[in-house]
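Note sheet for the following structure.
The values are calculated or read from the model by the stated rules, or taken from the named source; none is laboratory data. All figures in this text were calculated on a predicted structure; none of them were measured in a lab. Every residue, glycine among them, receives a Cβ derived from its backbone with ideal geometry; neighbour counts consider all protein chains shown.
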Amino acid sequence: MKLIEDRPNGQSIQIWECRSCEATRACRPGWLTRCHVCLDERTDPSIAEAYGMIFESMITTDEERQKLRDIYGVGANEWIDDVDAHGLIMYNTVQDELLMHERPGWSVLAADIAGLPWGGHSGRRSSHGVWGRHDACGTVQSMRAVECAVCPPTPGSRTHRARAESPQLLYLVAFDDPAGVGSLVKFGHGSRRRVLDHISGGAVPLLVLRATFRQVVKAERKLAARYGCDAVGAITGLPASFERGTEVVPAGLNVDLHRVLSGTGVTDVTELFSIATPERAPVT
């Protein structure tokens with residue numbers, strides 16, 4: 001294997017290229033790296049034999065034989081042994097994985113697919129990820145992200161990075177459960193429209209805080225980690241805007257938004273929603 005990218009931009013990843021078949025592979029520094037495709041002395045011979053049998057079992061009719069040869073680009077008079085069959089299948093498995101991550105403006109460089117080449121594709125998506133180069137800036141990045149982490153967000157982007165400093169609401173609304181569970185509250189984050197949707201469904205705003213998107217998302221994650229195990233789920237009678245009820249908990253838990261979101265730039269805007277709220281007794 002030949003190292004072609006060594007920890008680009010300080011990231012803990014290396015990209016290697018096989019000197020024999022030129023297939024690439026992504027791997028963490030310090031790992032013993034081998035080709036996804038080629039077999040060597042470390043490979044159990046039974047793997048190649050198994051793939052040979054799989055390959056042969058697929059050829060049962062002339063039509064299937066021709067289809068298989070077309071898929072793998074094998075000529076009518078070419079013989080395929082077990083090792084060749086293994087290589088062809090592994091190579092196409094890798095290419096399929098790379099093709100799945102192709103998108104405009106990026107050059108996909110390498111992937112790491114768990115299970116290859118020893119035991120075939122294990123079904124897990126990847127262990128070290130799929131990596132590519134952003135054509136505009138030339139930086140190597142994980143293809144898991146939806147946009148370049150170096151270049152400015154594109155106009156209209158809805159990613160967290162693009163919206164980081166935009167205003168966002170963290171809210172706590174109350175609702176009397178008609179199924180007899182008792183008073184419930186729902187926490188969450190969103191826009192003004194989101195809170196109004198809850199109010200239209202019969203919920204009452206207890207506290208609505210405004211801060212940056214970055215601050216609010218971080219706070220909401222803390223709430224989910226603290227109260228998620230107490231969620232009532234999708235019980236009958238909840239407002240449609242509560243969806244699956246994953247952020248709906250008993251009111252007695254005393255969810256405190258100020259505990260997770262406070263400080264500079266945090267504003268209480270609950271009064272802005274009072275005009276849309278029907279009269280009701282406070283939740284105790």
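Please state which one of Leu169, Leu99, Leu88, Leu116 is modelled with pLDDT of 85 or more and buried (at least 18 other Cβ atoms within 10 Å of the Cβ). From the options Leu169, Leu99, Leu88, Leu116, the qualifying one is Leu169. Counting the residues of segment 236-251 that are within 13 Å of Asp177 (Cα to Cα) and either in contact with a strand residue (DSSP E or B) (Cβ under 7 Å, 6 or more places away or on another chain) or without any contact (Cβ under 8 Å) to a residue 12 or more places away in the chain (or both) gives 8.
Residues are listed down the side, and each one gets a yes or a no for (1) at pLDDT 85 or above; (2) in the same structural domain as Thr270 (by TED's automatic domain parsing); (3) within 30 Å of Gly129 (Cβ to Cβ); (4) exposed (fewer than 15 other Cβ atoms within 10 Å of the Cβ):
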| site | (1), (2), (3), (4) |
| --- | --- |
| Cys151 | yes, no, yes, yes |
| Asp177 | no, yes, no, no |
| Gly182 | no, yes, no, yes |
| Phe187 | yes, yes, no, no |
| Gly190 | yes, yes, no, no |
| His198 | yes, yes, no, no |
| Val204 | yes, yes, no, no |
| Arg210 | yes, yes, no, no |
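Ile199 passes every criterion in (1) touching a residue at least 40 places away in the same chain (Cβ under 8 Å); (2) assigned to a loop (DSSP other than H, G, I, E, B) apart from (2). For segment 119-134, residues that are in a loop (DSSP other than H, G, I, E, B) and modelled with pLDDT of 85 or more total 1. Filtering segment 234-252 to residues that are surrounded by 13 or more Cβ atoms within 10 Å (Cβ to Cβ) and either in contact with a Phe, Trp or Tyr (Cβ under 8 Å, 6 or more places away or on another chain) or of a type in the set (Ser, Thr, Tyr) (or both) leaves Leu238, Pro239, Ser241, Phe242, Thr246, Glu247, Val248, Val249.
Between Val269, Val283, Val248, Val232, the distinction of being within 12 Å of Lys186 (Cβ to Cβ), modelled with pLDDT of 90 or more and β-branched (Val, Ile, Thr) belongs to Val248 only.
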